[in-house]
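To start, the structure under review is shown below, and the notes come after it.
The values are calculated or read from the model by the stated rules, or taken from the named source; none is laboratory data. These numbers come from a predicted model, not from an experiment. Heads up, the Cβs are rebuilt from the backbone with ideal geometry, glycines too, and the neighbour counts pull from every protein chain shown.
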Amino acid sequence: MIEAGRTADIHKMAIVTGATSVFMHDLCSDMAMLQRITGDTDMAGIAKACAARLVHGEKYRELELIVDSVIEHEDGMPEIENRPLLAEILACYSGVARAERTGQASEYRRTFLVPAIVADAMETDVPEGDEAVAFLNSINQYHSAWDCYQPSTPFQIIVRDAINGIPI
């Protein structure tokens with residue numbers, strides 16, 4: 001039997017990993033679209049441009065609020081109002097929690113979670129016409145913002161480190 005404090009820590013890590021997975025899925029989807037639209041092969045640059053746009057979005061702020069509230073809550077179980085986003089976060093919860101309990105979290109992320117995120121993102125439809133132009137404009141709006149990004153919360157630091165650590 002796992003003690004209550006350890007259970008709360010496992011739960012919090014599973015939520016943080018789930019939220020990071022949601023962000024990374026959106027990032028990989030945007031990267032795939034940008035690469036297909038432009039033909040650019042600078043994947044590190046593509047990752048940073050797409051990440052800069054995403055961290056300025058409402059979904060990112062909501063993810064950050066959820067992560068912060070879970071981390072700060074004693075048992076990690078605050079009331080979360082954004083149920084659809086919570087459902088996205090919880091999509092990988094059981095696998096992540098199981099991996100955390102067994103000490104296999106890093107291996108689970110590397111061999112299962114990341115490949116699943118990338119594979120799913122590669123299925124993203126590529127926008128055309130005005131939709132493609134709007135997407136490119138939204139990327140260009142934040143094109144060089146990643147290098148100036150200064151994270152200040154745990155989730156922001158996790159996201160920054162994940163982006164900067166993408167092996168491209």
Open item on the list: Would you confirm, using the coordinates I've provided, whether GLN104 is more than 17 Å from the chain's Cα centre (by Cα), closer than 28 Å to THR7 by Cα and surrounded by 13 or more Cβ atoms within 10 Å (Cβ to Cβ)?
Closed with: yes
Task: Filter pass, VAL159 being surrounded by 15 or more Cβ atoms within 10 Å (Cβ to Cβ), modelled with pLDDT of 95 or more, within 15 Å of the chain's Cα centre (by Cα) and in a helix (DSSP H, G or I) - done: no
- [ ] Return a yes/no flag: does the stretch 131-146 have any residue that is in contact with a Pro (Cβ under 7 Å, 6 or more places away or on another chain), aromatic (Phe, Trp, Tyr) and part of a helix (DSSP H, G or I).
- [x] yes
Task: Positions within the stretch 43-64 being surrounded by fewer than 17 Cβ atoms within 10 Å (Cβ to Cβ) and either touching a Ser or Thr at 6+ places or on another chain (Cβ under 6 Å) or at pLDDT 90 or above (or both), in sequence order - done: HIS56, GLY57, GLU58, LYS59, ARG61
Open item on the list: Name the residue that is nearest to THR7 (Cα to Cα), counting only residues in the stretch 69-89 that are surrounded by fewer than 17 Cβ atoms within 10 Å (Cβ to Cβ) and in contact (Cβ under 8 Å) with a residue 60 or more places away in the chain.
Closed with: ASP75
Open item on the list: I need every pair where a residue in the stretch 48-60 that is within 13 Å of ASN140 (Cβ to Cβ) has its Cβ under 6 Å from the Cβ of a residue that is of a type in the set (Asp, Glu) and part of a helix (DSSP H, G or I), sequence separation at least 6 or different chains.
Closed with: CYS50/ASP30
TODO: Out of the residues in the stretch 110-141 that are within 15 Å of LEU54 (Cβ to Cβ) and within 18 Å of the chain's Cα centre (by Cα), state the one that is surrounded by the most Cβ atoms within 10 Å (Cβ to Cβ).
DONE: ILE117
Open item on the list: Name the single residue that is nearest to ASP42 (Cα to Cα) among those in the stretch 142-156 being touching a residue at least 60 places away in the same chain (Cβ under 8 Å) and under 15 Å from the mean Cα position of the chain (by Cα).
Closed with: GLN156
Open item on the list: I'd like to know if the stretch 29-36 contains one or more residues that are closer than 18 Å to TYR108 by Cβ, surrounded by fewer than 17 Cβ atoms within 10 Å (Cβ to Cβ) and in contact (Cβ under 8 Å) with a residue 24 or more places away in the chain.
Closed with: no
